[in-house]
Amino acid sequence: MKIFGVRERIRSFRETISDIIHQCLVEVLGIPVHARYQRFIGMNKDDFVFPDTRSPNYTIIEIMLIEGQSAETKKNLIQLLYERTAACGFNEKDLEIVLIDVPLANWGIRGVPGDEMELPYRLDV
């Protein structure tokens, strides 16, 4: 998962939004509580170009998902993220969420292709 934003702003809410995103993934997708994989990419204001209709809180969250989640599950995740991040001062214009489905065979996990590994949770929520 990648979270992009203006460096100074992202630092100010990094811990809070990290917890919110993780809690949403645990609730909606059922991922294990210990499986937190996040990369915060703080950019210089000049390098993070976005429309002037957005505030300095403008943030993009990209989540790579193992293929198999239903459209309803993905919509539930998006909705919950919008609801919970509102507590951090985000509004719908300040946040973009991108879910990227990746076939399991395209993941390398613990030394093997993902489709050859037994996962401790369901993929077809």
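The values are calculated or read from the model by the stated rules, or taken from the named source; none is laboratory data. Note that the coordinates shown come from a computational prediction; the quantities given were computed from them, not determined experimentally. As a convention, Cβ positions derive from the backbone with ideal geometry for all residues, glycine included, and neighbour counts pool all protein chains shown. These accessible areas exclude ligands, DNA and RNA; they are computed on the full protein's heavy atoms, side chains included. Shrake-Rupley method; radii C 1.70, N 1.55, O 1.52, S 1.80 Å.
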Compute the separation of the alpha-carbon centres of region 17-44 and region 46-89 and state it in Å as a whole number. 12
Taking H as built 1.01 Å from N, whose amide H comes closer than 5 Å to the amide H of Val6, not counting residues under 5 places away? Met43
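Which order do you get for Ile97, Ile10 if you rank them by accessible area with a 1.4 Å probe, largest at the top?
Working: Ile97 30, Ile10 5 Å².
Descending accessible area places them as Ile97, Ile10.
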What size of dipole, in debye to the nearest 20, comes out for region 37-125 about its Cα centre when the only charges are +1 on Lys and Arg C-beta atoms and -1 on Asp and Glu C-beta atoms? 260
Please name which of Gly89, Gln79, Ile109 has its Cα lying farthest along the dipole of the chain towards the positive end, using unit charges on Cβ (Lys, Arg +1; Asp, Glu -1) and the Cα centre as origin. Gly89
Low-density loop positions, GluC sites (Glu not before Pro), region 19-118 - DSSP coil, at most 13 other Cβ in 10 Å: Glu92, Glu118
Whose amide H sits under 5 Å from the amide H of Thr59, counting only residues 5 or more places off or on another chain, with H placed in the peptide plane? Leu95, Glu96
Across Leu80, Leu25, Leu104, the residue with the highest GNM fluctuation in the chain (Cα network, 10 Å cutoff) is Leu104
Please check: in the Gaussian network model of the chain (C-alpha springs, under 10 Å), which one of Thr53, Thr85, Thr16 has the largest mean-square fluctuation. Thr53
Read phi for every residue in region 63-72 and hand back ³J(HN,Hα) as whole Hz from Karplus 6.51 cos²θ - 1.76 cosθ + 1.60, θ = phi - 60°, with x for Gly and Pro. 10, 8, 10, 5, 3, x, 6, 6, 4, 5
The FRET efficiency for Asn91 and Arg39, from their Cβ-Cβ distance with R0 = 22 Å and rounded to 0.05, is 0.40
Considering only region 14-125, what is the antiparallel percent among its DSSP beta bridges, to the nearest 5? 20
Using the Karplus equation 6.51 cos²θ - 1.76 cosθ + 1.60 (θ = phi - 60°), what ³J(HN,Hα) coupling, rounded to whole Hz, does each residue of region 30-47 give in order, writing x for Gly and Pro? x, 5, x, 4, 7, 8, 10, 10, 9, 10, 9, 10, x, 10, 5, 3, 5, 9
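When the helix-only estimate is applied to the chain (DSSP H runs of n ≥ 4, each -39,500 (n - 2.57), divided by the residue count), what is the mean residue ellipticity at 222 nm, nearest 500 deg cm²/dmol? All intermediate terms of the calculation are to be shown ahead of the outcome.
Working: 2 runs with 38 residues, N = 125.
The per-residue figure over the chain is -10500 deg cm²/dmol.
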Sequence-distant or interchain residues sharing an amide H contact under 5 Å with Leu65, placed H: which? Ile100, Asp101, Val102
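Can you put Tyr82, Tyr58 in order of accessible area, largest first, using a 1.4 Å probe?
Details: Tyr82 70, Tyr58 15 Å².
Largest accessible area first, the residues go Tyr82, Tyr58.
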Reachable lysines from Lys75, Cα under 26 Å, same-chain residues fewer than 8 places away excluded? Lys2, Lys93
Give, as a single signed number, the net charge of other residues whose beta carbon lies under 15 Å from the beta carbon of Thr53, with Lys and Arg counted +1 and Asp and Glu -1. -2
Overall Cα dimensions of region 1-111, principal axis frame, Å, largest first: 39, 29, 24
Just to be sure I understand: with springs between alpha-carbon atoms less than 10 Å apart, which residue in Arg14, Arg110, Arg84 has the highest mean-square fluctuation in the Gaussian network model of the chain? Arg110
